[in-house]
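One structure is given below, encoded as structure tokens.
The values are calculated or read from the model by the stated rules, or taken from the named source; none is laboratory data. It should be emphasised that the depicted structure is a prediction, and the values quoted were computed from it without experimental measurement. Cβ placement follows ideal geometry from the backbone for every residue including glycine, while neighbour counts extend to all protein chains displayed. Calculation scope for accessible area: heavy atoms of the full protein, side chains included, ligands and nucleic acids excluded. Shrake-Rupley method; radii C 1.70, N 1.55, O 1.52, S 1.80 Å.
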Amino acid sequence: MIKTNQEIKGQGIRRNETKNMVYCAMFVTLIAAGAFIKIPIPVVPFTLQYLFTMLAGLLLGAKLGCLAVCVYILLGLAGVPVFTQGGGIGYIFQPTFGYIIGFAVGAYVTGKIANGKKNPGYMRLLVANFIGLGIVYLFGMVYYYFISNFYLGTPIGLWPLFLYCFLLVVPGDIVLCILGAVLGRRMIPAIRAERI
């Protein structure tokens with residue numbers, strides 16, 4: 001039986017949708033695993049979550065990368081213990097939940113910047129990663145400040161906030177930005193070829 005062009009095109013679209021779902025599921029799993037690979041630091045633990053949320057944006061693009069992070073967040077809020085300290089709807093009252101929101105926005109922005117060109121260079125990927133990192137910290141620190149001061153009743157000043165929620169954690173994340181750019185440079189062409 002000879003297939004029409006429309007049937008062939010429809011099969012290609014379904015195959016791409018299936019691949020996209022598989023990639024999203026893979027990154028949801030990696031982000032969840034990254035939450036448990038951590039170095040305990042006071043206030044905000046250092047984890048590999050940022051590496052995988054950043055790579056989701058770089059490799060899947062803005063929309064799919066953000067979607068993968070949003071699915072991860074919904075799983076955690078539904079009660080699956082995928083966050084660093086468990087899960088459940090009550091997690092929104094954890095001071096560090098702002099970083100998790102920042103992961104989704106950061107993945108979108110990182111993907112948007114990095115995928116603006118057909119084959120982005122190392123510097124473009126590095127800039128995208130650092131801008132994404134800035135977004136994660138902006139969301140994280142603002143959320144931490146407001147939840148601590150106005151909900152939990154455990155006030156934190158601006159200097160301790162800057163020290164514990166940025167200075168102590170950011171060196172490791174800078175290394176992750178560099179690693180993400182190196183991995184992205186190598187993997188983006190392969191992932192794009194696979195998704196066609």
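Checked against (1) crowded, with 18+ Cβ neighbours inside 10 Å; (2) farther than 14 Å from GLY57 by Cα; (3) under 20 Å from the mean Cα position of the chain (by Cα); (4) of a type in the set (A, V, I, L, M, F, W, C), PHE166 passes all but a single condition, namely (1). Selection of the stretch 139-149 for residues being open to solvent by 30 Å² or more (accessible area, probe 1.4 Å), out of contact with any helix residue (DSSP H, G or I) (no Cβ under 7 Å at 6 or more places or on another chain) and within 15 Å of TYR99 (Cβ to Cβ) yields only PHE146. Scanning the stretch 32-44 for residues that are in contact with a helix residue (DSSP H, G or I) (Cβ under 9 Å, 6 or more places away or on another chain), under 25 Å from LEU163 (Cβ atoms) and free of Cβ contacts under 8 Å to residues at least 60 places away in the same chain returns GLY34, ALA35, ILE37, LYS38.
One line per residue, one yes/no per condition, for (1) surrounded by 19 or more Cβ atoms within 10 Å (Cβ to Cβ); (2) within 24 Å of GLY90 (Cα to Cα):
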site	(1), (2)
ALA114	yes, no
VAL136	yes, yes
TYR151	no, yes
PRO155	no, yes
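Filtering the stretch 25-65 to residues that are open to solvent by 30 Å² or more (accessible area, probe 1.4 Å), within 23 Å of ILE131 (Cα to Cα) and part of a helix (DSSP H, G or I) leaves LEU30, PHE52, LYS63, LEU64. Only one of the listed residues (GLY102, GLY79, GLY57, GLY65) is closer than 21 Å to CYS165 by Cα and of a type in the set (Gly, Ala, Ser). That residue is GLY102.
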